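Here's the structure, in structure tokens; my notes come after.
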Amino acid sequence: MYEGIVQELIDELGRLPGIGPKSAQRIAFHIVQTRGFDVSRLGEILLEVREKVRFCSLCGNVADQDRCGICRDARRNRATICVVEEPKDVAAIERTREYRGLYHVLGGALSPIDGIGPDDLRIRELVQRLADGEVQEVIIATDPNMTGEATATYLSRLLKTMAVPVSRLASGLPVGGDLEYADEVTLGRAFEGRRLVEH
């Protein structure tokens, strides 16, 4: 425990996701000890983010306008929608430079234990986007964990009734990983996604 305002800073930083007590303490002391650190600029950016950043009215990605840059980009393939859980997933896929279609951010994954059902996600909005028949494929790219798998299964069944082809991102063993450390879901998906070896 530290005195007064330093402890308050550590406590506030510790509330951020992914930052534990030690990381919060390190960041706090970096701010306190580094004279060149522009605290006022950090404060301005935090306030600006809170005021200006919103979610895209079409896909749910983070945006600083009504529509995000991806939805505004006329060069994107409008016949394909990739469904992800969170905006950070959009960023991860964009870094691969492999996908040129549009996105739909659900805002989470189905989790009955946490009280998150279909009405708590942006599933209704996805169905509305598919109503005009322009979309030729929906790619489900939810996380390969229990809630992501449940969400993917739910969406696959729901979208079958709309006659839109649905695919799921392949997942399996990471390069450089050991088989013994892979969980059952990952191993199962690796078997499902196996391919013939070309000779």
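Indicate, rounded to the nearest 5 percent, the antiparallel portion of the DSSP beta bridges found entirely in the chain. Don't skip to the end; give the middle numbers.
Working: 3 of 15 bridges.
Among the beta bridges of the chain, antiparallel pairing accounts for roughly 20 percent.
Taking H placed 1.01 Å from N in the peptide plane, check which residues at least 5 places from Val83 or on another chain put their amide H under 5 Å from its amide H.
His104, Ile139, Ile140, Ala141
If r is the Cβ-Cβ distance from Thr34 to Val185 and R0 is 41 Å, what FRET efficiency results, to the nearest 0.05?
Numbers: r = 43 Å, r/R0 = 1.05.
The pair Thr34/Val185 has a calculated efficiency of 0.45.
Within straight cross-link reach of Lys52, meaning Cα distance under 30 Å, which lysines are found once same-chain residues fewer than 8 apart are removed?
Lys88
Would you mind listing how long the chain runs along its three principal axes, going by Cα atoms, in whole Å with the largest first?
Principal-axis extents of the Cα atoms in the chain, largest first: 61, 47, 40 Å.
Lys and Arg at +1, Asp and Glu at -1: add these up for the other residues within a Cβ distance under 13 Å of Arg50 and post the number. Could you put the intermediate results ahead of the total?
Working: positive: Lys52, Arg54; negative: Glu44, Glu48, Glu51, Asp64.
Summing Lys/Arg as +1 and Asp/Glu as -1 gives -2.
What three numbers, in Å, describe the spread of the alpha carbons of region 74-168 along their principal axes, ordered from the longest?
The Cα atoms of region 74-168 stretch 40, 31, 18 Å along their principal axes.
Taking 0.36 nm per residue of separation and subtracting the Cα-Cα distance, what length does fully extending Arg54 through Glu12 add? Don't skip to the answer; put the middle values down first.
Numbers: separation 42, 0.36 × 42 = 15.12 nm, distance 2.30 nm.
My answer for the length gained is 12.8 nm.
Quick note: the coordinates plus some simple rules give every number you see, no bench work behind them. Just so it is clear, the structure is predicted and the values come from calculations on it, not from any experiment. Virtual Cβ from ideal backbone geometry, glycine too; neighbours counted across all protein chains shown.
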